[in-house]
Structure formats: structure tokens, C-alpha cells
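*Asks:* Below: one structure in C-alpha cells.
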Amino acid sequence: TTINGLMNISQQYHIGNSASSPSIIITGHQDNGTNFLNGTTWSEINGGDGMDCFVDWSDNNTLVSSVYYGDFYISTNSGASWNSIVSGLTGSAAWVAPIVQNPTDPNVFYCGYEQVFISNNKGSSWTQLGSLGSSGDVLHITVVPTNTNIIYASRAASIYQTTNGGLTWNNITGSLPVGSIQITGITVDNLNGNNVYVTLSGFSSGNKVFYSNNGGVSWTNYSAGLPNIPANCIIYKNNS
């Protein structure tokens, strides 16, 4: 007999919101699938562990969801049916693998396995976007809105930047204190792609948020005042 009353408890890995409606939201949940708010009603629209997900910014009926280790899916009917979009992906992927949409061209998706991949047809096929070098699973991808040739991608202990759409990548980890803590998030100034912020996990006091105003050539510690707990994500307030 269920005795949890009206408590609704879950662990959300990712949240994706519509670009045009505050009442359309997709969420990926540990052990409780991918869930969708369409107006006032929540429903589970895909199973397994729900991971990274988003609502197509150009079409609220098009949703992208994922299951563990980079198992990506697309729906064009608000989650009523799904098609797998992993053709062409190679290598391993993280438990929660990233998939993001280009901010200016809705047909272009990016995802992370051991390398960064690009699709020009909403995931129907993928090709590798250059080479990051070294090894490890990609955990985060951020595309600069004002210049989509500039992309940031990170693994657990390294961050990379491309300024030519992925033809070449530069390791910009530099002075980030990643020896014992992990990169957990990347965000950029929507008007200036050289202004980039990263968050760090772990319990290294004073090492939570770092900022660069030159595309990662150098980093400034922005952690003053934050408690010594992991910083898991960061968002830049557009036009601020």
C-alpha cells in the first residue's frame, strides 16, 4: 500500500523548456523516464532513465529525449511516438550524455560521446566534429548564439573550444583546478562568445565558478561567497 500521500519526489537530470510557452516543459528523471508538461497536465512520454532533453525552439511538438549512455530519441508529435537518432555515432558515451540544438538553425543538433558529433537533419545522421584529442566522454556542450562556429565542450577534467565550427579544437583548461574536481557546467554570454563561465563539483573550498573574458585563454575565480558544496550548473542571464 502506498503511504507517501501527496509527495511527488524524483531526481531530475535535465529540464528543457519551450522557447515560446512557459507551460511546455520536458524533464529527464532518474528511474522515472522522460516527462512532459503540456499546458496543465504532466505525463510520462518515454521510459527508462530520462536523461538530457529539450523542446525544439522552432516547434513545440518536436521533442528530444535520451536514455543512459547516449541513447537519443526524437518525437514530432509531443511524445506520442519516438524514433531513435543515433545513426553514425561511434565510441562510448557518458551515463548522462549531452545533446543540444543549434540556437540559430533548428535542424542542427550536437551531441557528445567521446567526441563531439553534429547532425544537420535533426539527428537522422551524425558525423564527428573534428577531434578533441586525448580520451574521455564529453559531458557538456555549449554553442555561442551570436557565432555558432564557436562551441565549448568539456570532459570531466578538461574543456575545449572551437572557433571554426569544429574543424579544430583547442584545450583551454589552463589554470582551472581540475586535479581533484570535475567540470559540471558551461554557460556563455549570449552577446559575446568570449565570455564563458564554468562550474566545478567537489569540496575544494573557493573553487566553484570560474570566468574567462577571452575564450579561455585565462581564467578568473568567481567563487567568493559560495559555500563549499559542489556547484552543478550555471546559467547566464541574457543581455545582462
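The values are calculated or read from the model by the stated rules, or taken from the named source; none is laboratory data. Computed from a predicted structure; not experimentally measured. Neighbour counts are summed over all protein chains in view; Cβ atoms, including those assigned to glycine, are modelled from backbone coordinates with ideal geometry. Just the protein is used for accessible areas: all its heavy atoms, side chains included, with ligands, DNA and RNA removed. Shrake-Rupley method; radii C 1.70, N 1.55, O 1.52, S 1.80 Å.
*Asks:* Which order do you get for Leu167, Leu139, Leu129, Leu191 if you rank them by accessible area with a 1.4 Å probe, largest at the top? Don't skip to the answer; put the middle values down first.
*Replies:* On the way: Leu167 140, Leu139 40, Leu129 20, Leu191 115 Å².
Order by accessible area, largest first: Leu167, Leu191, Leu139, Leu129.
*Asks:* Can you compute 3J(HN,Hα) from phi for each residue in region 26-38, using the Karplus curve 6.51 cos²θ - 1.76 cosθ + 1.60 with θ = phi - 60°, rounded to whole Hz and x for Gly and Pro?
*Replies:* Whole-Hz 3J(HN,Hα) from phi for region 26-38: 10, 9, x, 10, 4, 6, 10, x, 9, 10, 9, 9, 10.
*Asks:* Could you rank Lys208, Lys122 by how accessible they are, 1.4 Å probe, largest area first? Show your work: numbers first, answer last.
*Replies:* Numbers: Lys208 5, Lys122 45 Å².
Reading off the accessible areas and sorting them downward yields Lys122, Lys208.
*Asks:* Protein chains only, probe 1.4 Å: how do Ile9, Ile74 rank by accessible area, largest first? Before the final figure, lay out the partial values.
*Replies:* Values: Ile9 140, Ile74 20 Å².
Sorted descending by solvent-accessible area, the residues read Ile9, Ile74.
*Asks:* Can you give the Rg to Rh ratio for region 185-224, taking only C-alpha atoms and Rh from Kirkwood?
*Replies:* Values: Rg = 10.3 Å, Rh = 10.4 Å.
Dividing the radius of gyration by the Kirkwood radius yields 0.99.
*Asks:* Then there's this: When you count, for each residue, the other Cβ atoms within 10 Å and take the mean per peptide, how do 220-227, 94-101, 12-19 rank with the highest first?
*Replies:* Working: 220-227: 12.1, 94-101: 21.2, 12-19: 17.1.
In descending order of packing, they fall as 94-101, 12-19, 220-227.
*Asks:* Once you have the Cα-Cα distance between Asn147 and Tyr222, take 0.36 nm times their residue separation minus that, and quote the gain in nm to one decimal.
*Replies:* Working: separation 75, 0.36 × 75 = 27.00 nm, distance 2.50 nm.
Here the segment from Asn147 to Tyr222 would lengthen by 24.5 nm.
*Asks:* Less than 14 Å from a label point 7 Å out along the Cα-to-Cβ axis of Asn170: which backbone N atoms in region 130-150 qualify, by residue?
*Replies:* Counting only backbone N, you get 150.
*Asks:* Also, quick follow-up: Rounded to the nearest whole Å², what accessible area per residue is found for the chain with the 1.4 Å probe? Walk me through the intermediate numbers first.
*Replies:* Details: 11280 Å² over 240 residues.
On a per-residue basis, the chain sits at 47 Å².
*Asks:* Just the number, please: carbon plus sulfur as a percent of the accessible area of the chain, 1.4 Å probe, no ligands or DNA/RNA counted.
*Replies:* On the way: 5540 of 11280 Å².
Ligands and nucleic acids excluded, carbon and sulfur reach 49 percent.
*Asks:* On the first, second and third principal axes, largest extent first, how far apart are the outermost C-alpha atoms of region 159-203 in Å?
*Replies:* Cα spread of region 159-203 along its principal axes, largest to smallest: 35, 23, 15 Å.
*Asks:* Here's something else I'd like to know. Would you kindly calculate the mean projected area, averaged across all directions, of the convex hull enclosing the Cα atoms of region 62-143, in square nanometres?
*Replies:* Values: hull surface 20.2 nm².
Its Cα hull, projected and averaged over all orientations, spans 5.0 nm².
*Asks:* For region 72-82, in order, what is each residue's ³J(HN,Hα) by Karplus, 6.51 cos²θ - 1.76 cosθ + 1.60 with θ = phi - 60°, in whole Hz (x at glycine and Pro)?
*Replies:* 9, 9, 10, 10, 10, 9, 6, x, 5, 8, 9
*Asks:* Report the Rg/Rh value for region 116-240, based on alpha-carbon coordinates and the Kirkwood definition of Rh.
*Replies:* Working: Rg = 14.4 Å, Rh = 14.9 Å.
On the Cα set of region 116-240, Rg over Rh gives 0.97.
*Asks:* Could you list which residues have their amide H under 5 Å from that of Gly70, counting only those 5 or more apart in sequence or on another chain, with H placed in the peptide plane?
*Replies:* Those qualifying (amide H under 5 Å, at least 5 residues apart or on another chain) are Ala97.
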